[in-house]
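Report on one structure; see the data block that follows.
The values are calculated or read from the model by the stated rules, or taken from the named source; none is laboratory data. Computed from a prediction, not measured in an experiment: that's the story for all the values here. Reconstructed Cβ throughout: ideal geometry from the backbone, glycine too, with neighbour counts over all protein chains shown.
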Amino acid sequence: MTQAHDPAGTRLGYIWLQPGVTRLNGWTLLYVLFVSIGLLVFLNFQQPYVLEVMLDIPSDRHGRVVAQMALVHELVLIGFVGPFGALADRIGRRKVLTAGYLIMATGYMAYPFAESVTMLTAFRMIFALGAAAIISTFTTVLTDYPQEQSRGKLVALGSILNAIGLALLAGIGGQMIMWLQDGGISPVGAGRIAIVAIGLVGVVSALLVWLGLRGETLRLEHAKIPLPQLIREGFAAAKSPRIALAYAAAFIARGDVVVVGMYLSLWATRQGVETGMEPAMAQSKAGIMMAIVSVSPLPLAALFGILNDRIDRVTFLIIATGVATFGYLAFGSLDSPLFGIAIPVGIALGCGQVASIIAGQTLIGQEADPRIAGSTLGAFNAFGALGTLVGSVMGGYLFDTWSYGGPFIMMGFASLLVMLGAIWVRLRYGTAR
């Protein structure tokens, strides 16, 4: 799998960039990887505060409103990540990504000023539209920039930066409301200032992306291909077994994220209360377990990237989904996510989740036709958004009607199916040339 680097390319630390990609372009991509996931997720952290303090919605309606926001968000993503990916092929990555940050910033700044759930839903749609442009484009740039022998390393570094950026943005943004209230600002005013401040990060990001990413010289055929055709070609790329496998990996990887994010905390909190803990203590222990699952794989992420560059990418996907299958099935079978062997099983769960994300992203980056890379990555992210939607709906149904561990067992079997598909592709088609 290891390939010699192209001496015409630029080196950014231990990562070789494609010819024509400068160090400034590379550093800007690293900034994008650092800030984007935090911007995409932070609004979810602030949503309960908006519902309770700003809109004064009764607590027994919070679940329905949150579900409505999630449904609207994912439907917008499913509908627009493909077209935005195709548009990035048509007019260039930098323009679409810059627009995405500005649209998202608009949604952020409007969100805390909503006066009803209807207005909140409309503002969430604006936010989701920006998110669709960002997701479909920064993953395409991540595919464009590295030379093949550095692809896994860059994706792994991106996963580390995602986690660090999310932790910092959530930590600072989450404390900002309390700091502002301590300074004498009203609860509503403090919430508005904090959320708008994060929106300003989106404006700054748009400026940095415009100045720092490469301005593509578009090929003539891109200018002539109709946008609907580019979208169709992105989904038609699944005729390649390896690309179809990458799309399936995106489906489970994004579903993994929502299952861990939504149902681990809910399960841990309920389990704690049912065993006699105070709700605040149960929530605290749930937060600790979330941190363990999210942070424990980071020291291994770089090793995952190196391994992924040294062996066939489908082989690495088999390994990644194998670890994920074990982690999800074992975690879902626990009596409690707070006691006993929950911590080592949670670490295995986190490792499988991160490895699956890295495996899918590097495989699609390797296999995507450069002529329609944006369209292909748009389809890749559309399958990811669909996985999030299915994980949310089916996971919630299993959680309520069967078992608290049901969502994890569901994702364990989904990972097993992808692993079996990867084994078939590996045996049927061999290694990549």
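Do we have I343 as surrounded by fewer than 23 Cβ atoms within 10 Å (Cβ to Cβ), in a helix (DSSP H, G or I) and in contact with a helix residue (DSSP H, G or I) (Cβ under 8 Å, 6 or more places away or on another chain) here?
So I343 fits the description; yes.
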* To do: Output yes when any residue across segment 385-397 is buried (at least 24 other Cβ atoms within 10 Å of the Cβ), within 15 Å of the chain's Cα centre (by Cα) and at pLDDT 80 or above, and no when none is.
  => yes
* Could you tell me whether segment 263-285 includes any residue that is of a type in the set (S, T, Y), over 23 Å from G406 (Cα atoms) and either at pLDDT 75 or above or within 21 Å of the chain's Cα centre (by Cα) (or both)? => no
* To do: Count, please, the residues in segment 309-321 that happen to be farther than 20 Å from S294 by Cβ and surrounded by 18 or more Cβ atoms within 10 Å (Cβ to Cβ).
  => 8
* Asked: With respect to L329, is the statement that it is under 22 Å from G395 (Cβ atoms) and surrounded by fewer than 21 Cβ atoms within 10 Å (Cβ to Cβ) true?
  -> yes
* Residue satisfying condition, being surrounded by fewer than 24 Cβ atoms within 10 Å (Cβ to Cβ), outside the structural domain of M290 (by TED's automatic domain parsing) and not in a helix (DSSP H, G or I), within set G191, G184 -> G184
* Scan segment 117-137 for residues that are among the hydrophobic types (A, V, I, L, M, F, W, C) and either at positive phi or crowded, with 24+ Cβ neighbours inside 10 Å (or both) and jot them down. => L120, F127, A128, A131, A132, A133, I134, I135
